[in-house]
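Participant: I am attaching a structure below and will ask some questions about it afterwards.
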Amino acid sequence: MKRLSLMFAVVVTVAVPVVSQKPRFTIEQVMSSPFPTNLTAAAKANRMAWVFNSRGERNVWMADAPGFEARQVTHYQGDDGQDIFSLRLTPDGKTAVYARGSELSREGNVANPASQLQEPKQQVWAVEAEAGNSQQRLLGDMGCNSEDCEDIRLSPDGRWAVWSGGKHHLWLAPLAGGQAAHQLTELRGEEVDPQWSPDGRHLAFESNRGNHSLIVVVDVGDNGAVSGQHYLSPSADRDFAPRWSADSKQIVFLRRGGAENHVPLIPLRPQSWAIWLADAAGGQAREVWHSGKELTDSLPPFARQSLAIDAGGRIIFASEQDGRNHLYMLPLRGGKPAELTPGDYDVEDVSVSGDRTTLLYTSNQGDVDRRHIWMIRLNWFDPEPKPGMITSHFVVTSGNTAEWSPLMLADGKTIVCLGSSATSPAMPYHLSGTSREMIGSLPKEFPAAQLVEPQIVTFKSEDGLEIHGQLFLPRERKAKMPAVIFAHGGPPRQMMPAFHYMYYYHNAYAENQYLASQGCVVLAVNYRRGIMYGRAFREPADGGWRGSSEYKDILAGAKYLQGLAYVDRKRIGIWGGSYGGLLTALALSRNSDIFAAGVDFHGVHDWSALIGRREEGAEQAPDFEAAMKLAYESSAVATVERWKSPVLLIHGDDDRNVPFQQTTDLAQRLRRRNVEFEELIFPDEIHDFLMWRTWVKGYQATADFFAQRLMR
């Protein structure tokens, strides 16, 4: 293989400090902090709630303004792999509703990582906020096997809970109890994303029919029975993301093309889409905006999460038409949208206040490597600003921290969020002026004082593309230290110089800190195909199975490490999970001369085995054979004969994202070529490990493997 040249462009001059030896921490200690998810708030009370995952025990917690004293309201025990998700508070904040259980496979099997003799269930529960566990009520079984339907919605009056459950239909249950959950609808297809009208009399939802999808509106009576239903301008397209106007009279939704046959696979194609507005009662709908025809006009990944109608009757939506993910405002009558968030950055989380007058969003505006919160007063925004007008945009957080999942409490002024820093893990916060105050406390054993702050670096790939990364340096300086590259999964992810907002990468960040504490330099690489650097960066024409151009950035990271005086260029390894496992396997199969060892968590090793699963209508494509050949050549198995370095393969055999056969196949290929490999297989675990002890065991094995191969 032709050796790649590298141009260095390091932004930060990195000095390795010499400090006194301190006691090292353990994997268990750096992963001891509870991880918060599902942050939510009551519509009419200054109360917030979230889920803490503490060493595998998931429980609901709450806090009230202004004191924000955290209290636990459920008391589940044990690292059993049973998650809590779709947490909601009733408008008065007195009742929390949530789903508990593990994910379902396409065949309807519940994940059972603890290998219990009886299969666990997905169930919907309600708990009184003041009474705790003694007042828990089972509302019904969820039985849902789609990410879109892991979503409970409470009626505006707090009387009913609706969710997409068994047999892909909507189920309804009274929160007061005394009546079992009952099936509300029975249409063809998967019924997902239910949305209550603000007056509580109607539900709009998506009916996914596979090759097309429809928006349905049903009328719900006081007794919880359906009294009528109709479709909104049904078509041969895919309609999704219904959102109500404040007066319950109109519904906005998104439309993109339905299934199409004989479409070429290899070239990237624009995916046009449109915004439609419907009369909720009559069902007639019309197009109010349509995207362009360039690649940048394609449906953005955050389209569903960003769509809303504000108090003034204006549509808020996301678009990448200028190459970055930004928010726009559109009058209901249509016309030219006004850009709400112009600039060289991307928007991620979006939330609108209960009164629809304030919008909170997170972005990397002014800080490309982190997330911070910004606020827009929608009722102050004018698409044609005049001199002397009061600004409608405000920065809420900044500095060497990261924040996500912002929410406005019912008082319209108190903001809560989740956040972290380089040495402090994710926790809930409430914002006070320009400062943020932690809600709850970290475990005493968490080694915050022993962690390092990663340095932000950039370097150039072979083709001149600038790549960002975070460099973890051991506290003890040595003349020549081993180093490893960390490749994230996804690939639409971005690693930050702080504990991550996703559980998977929050754990990975802890592992990188642990490796650094063991005397290993770690470089986390934000390779192309990741987010927050623009659509062109995320969607290269030759990325993924179409040519694996992102591997150039991993190789450039290795070259960057080789250029550091304190790194032993002969002791460079690589590790990663999922897509990061794919890149680990590519590195070892193509460049065992550079990468001395690797740890591959549930990686993809043969793209050609997945084309039919990933690409719609693949076998009917006119370039199917060429696509299969290109996919194979873009995979690690194509160059496995050049694989010389040892590898540790880690995989759960109930993985629903990456087929377990990707690992069984690679193991046979390595064995035939006498390549040294070890394996750590977790029976009944899924892709995103459900049990805390699985993560601990996997990360300890990773550290031990590198200690034996790189640190001796």
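The values are calculated or read from the model by the stated rules, or taken from the named source; none is laboratory data. Keep in mind that what you see is a predicted model, and the values were worked out from it rather than measured. Here the Cβ positions follow ideal geometry from the backbone for every residue, glycine too, while neighbour counts run over all protein chains shown.
Participant: Given (1) among the β-branched types (Val, Ile, Thr); (2) under 13 Å from Gly598 (Cα atoms); (3) in contact with a strand residue (DSSP E or B) (Cβ under 7 Å, 6 or more places away or on another chain), where does Val675 come up short, assuming only one miss?
Facilitator: (3) is the only condition that Val675 fails.
Participant: Moving to a separate point now. Filter the range 609-626 for residues that are aliphatic (A, V, I, L, M) and at pLDDT below 90 and give the result.
Facilitator: Ala618
Participant: Might you let me know whether the range 376-384 holds any residue that is of a type outside the set (Gly, Ala, Ser), on the phi < 0 side of the Ramachandran plot and surrounded by 23 or more Cβ atoms within 10 Å (Cβ to Cβ)? Write out each step before concluding.
Facilitator: From the range 376-384, those of a type outside the set (Gly, Ala, Ser) are 376-384; that's our starting set.
If we keep only those that are on the phi < 0 side of the Ramachandran plot as well, we get 376-384.
Remaining after also requiring surrounded by 23 or more Cβ atoms within 10 Å (Cβ to Cβ): 376.
Yes.
Participant: Could you tell me whether any residue of the range 115-137 is more than 27 Å from Cys417 (Cβ to Cβ), over 25 Å from the mean Cα position of the chain (by Cα) and assigned to a strand (DSSP E or B)?
Facilitator: yes
Participant: Can I ask one more? Of the residues in the range 70-84, how many are surrounded by fewer than 19 Cβ atoms within 10 Å (Cβ to Cβ) and in a strand (DSSP E or B)?
Facilitator: Residues meeting the conditions: 2.
Participant: Right, another one. Given the conditions (1) crowded, with 20+ Cβ neighbours inside 10 Å; (2) touching a Ser or Thr at 6+ places or on another chain (Cβ under 7 Å), report the number of the one that Ala65 does not fulfil.
Facilitator: (1)
Participant: A further question follows. Sort out which residues of the range 176-204 are among the hydrophobic types (A, V, I, L, M, F, W, C) and surrounded by 20 or more Cβ atoms within 10 Å (Cβ to Cβ), and write them in order of number. Step through it out loud before you land on a result.
Facilitator: As a first pass, look at the range 176-204 and keep what is among the hydrophobic types (A, V, I, L, M, F, W, C): 176, 180-181, 184, 187, 192, 196, 203-204.
The answer is Ala181, Leu184, Val192, Trp196, Leu203, Ala204.
Participant: Can you report the number of residues in the range 659-675 which are out of contact with any helix residue (DSSP H, G or I) (no Cβ under 8 Å at 6 or more places or on another chain) and either crowded, with 21+ Cβ neighbours inside 10 Å or among the charged types (D, E, K, R) (or both)?
Facilitator: Count: 3.
Participant: Give the residues of the range 219-237 that are surrounded by fewer than 21 Cβ atoms within 10 Å (Cβ to Cβ) and touching a residue at least 24 places away in the same chain (Cβ under 8 Å), sorted by residue number. Can you show your working first?
Facilitator: Let us first name the residues in the range 219-237 that are surrounded by fewer than 21 Cβ atoms within 10 Å (Cβ to Cβ), namely 219, 221-231, 233-237.
Scanning the range 219-237 gives Gly224, Val226, Gln229, His230, Tyr231, Ser233, Ala236, Asp237.
Participant: Would you confirm whether any residue within the range 395-404 is acidic (Asp, Glu) and either over 24 Å from the mean Cα position of the chain (by Cα) or assigned by TED's automatic domain parsing to the domain that holds Met532 (or both)?
Facilitator: no
Participant: Can you find even one residue in the range 593-613 that is under 26 Å from the mean Cα position of the chain (by Cα), of a type in the set (D, E, K, R) and surrounded by fewer than 17 Cβ atoms within 10 Å (Cβ to Cβ)? Steps first, answer last, please.
Facilitator: As a first pass, look at the range 593-613 and keep what is under 26 Å from the mean Cα position of the chain (by Cα): 598-613.
From what is left, the residues that are of a type in the set (D, E, K, R) are 600, 606, 613.
Filter once more, keeping what is surrounded by fewer than 17 Cβ atoms within 10 Å (Cβ to Cβ): 613.
So far as the range 593-613 goes, yes, one or more of its residues are under 26 Å from the mean Cα position of the chain (by Cα), of a type in the set (D, E, K, R) and surrounded by fewer than 17 Cβ atoms within 10 Å (Cβ to Cβ).
Participant: Under the condition of being within 18 Å of Leu214 (Cβ to Cβ) and assigned to a loop (DSSP other than H, G, I, E, B), which residue from the range 152-192 is modelled with the lowest pLDDT?
Facilitator: Among those that are within 18 Å of Leu214 (Cβ to Cβ) and assigned to a loop (DSSP other than H, G, I, E, B), it is Glu186.
Participant: Being closer than 30 Å to Phe499 by Cα and surrounded by 21 or more Cβ atoms within 10 Å (Cβ to Cβ) is the filter here, so list the residues in the range 332-344 that pass it.
Facilitator: Leu340, Thr341
Participant: Which fully enclosed strands (runs of 3 or more DSSP E) of the range 275-331 have 1 or more residues being crowded, with 22+ Cβ neighbours inside 10 Å, touching a residue at least 12 places away in the same chain (Cβ under 8 Å) and within 23 Å of the chain's Cα centre (by Cα)?
Facilitator: Because the criterion is at least 1 residues that are crowded, with 22+ Cβ neighbours inside 10 Å, touching a residue at least 12 places away in the same chain (Cβ under 8 Å) and within 23 Å of the chain's Cα centre (by Cα), the strands (runs of 3 or more DSSP E) in the range 275-331 that meet it are 314-319, 326-331.
Participant: What strands (runs of 3 or more DSSP E) completely inside the range 221-262 contain at least 3 residues that are out of contact with any Leu (no Cβ under 7 Å at 6 or more places or on another chain)?
Facilitator: 226-231, 238-244
Participant: Related question: Quick check on the range 373-382. Is at least one of its residues within 24 Å of Pro342 (Cβ to Cβ), assigned to a loop (DSSP other than H, G, I, E, B) and out of contact with any Cys (no Cβ under 8 Å at 6 or more places or on another chain)?
Facilitator: Yes; the residues of the range 373-382 include at least one that is within 24 Å of Pro342 (Cβ to Cβ), assigned to a loop (DSSP other than H, G, I, E, B) and out of contact with any Cys (no Cβ under 8 Å at 6 or more places or on another chain).
Participant: Same structure again: If Ala508 satisfies every condition in (1) surrounded by fewer than 18 Cβ atoms within 10 Å (Cβ to Cβ); (2) closer than 25 Å to Ala707 by Cα; (3) touching a His at 6+ places or on another chain (Cβ under 8 Å) but one, which is the exception?
Facilitator: (1)
Participant: Further, regarding this structure: Would you mind listing the strands (runs of 3 or more DSSP E) fully within the range 413-495 where at least 3 residues are touching a Leu at 6+ places or on another chain (Cβ under 8 Å) and surrounded by 14 or more Cβ atoms within 10 Å (Cβ to Cβ)?
Facilitator: 415-421, 427-432, 455-460, 466-472, 481-487
Participant: Restricting the search to the range 536-579, which residues are part of a loop (DSSP other than H, G, I, E, B) and polar (S, T, N, Q)?
Facilitator: Ser548, Ser549, Ser578
Participant: If you don't mind, there's one more thing I want to ask. Take Ser589 and decide whether it is of a type in the set (S, T, N, Q), within 29 Å of Val263 (Cα to Cα), buried (at least 18 other Cβ atoms within 10 Å of the Cβ) and at pLDDT 95 or above.
Facilitator: no
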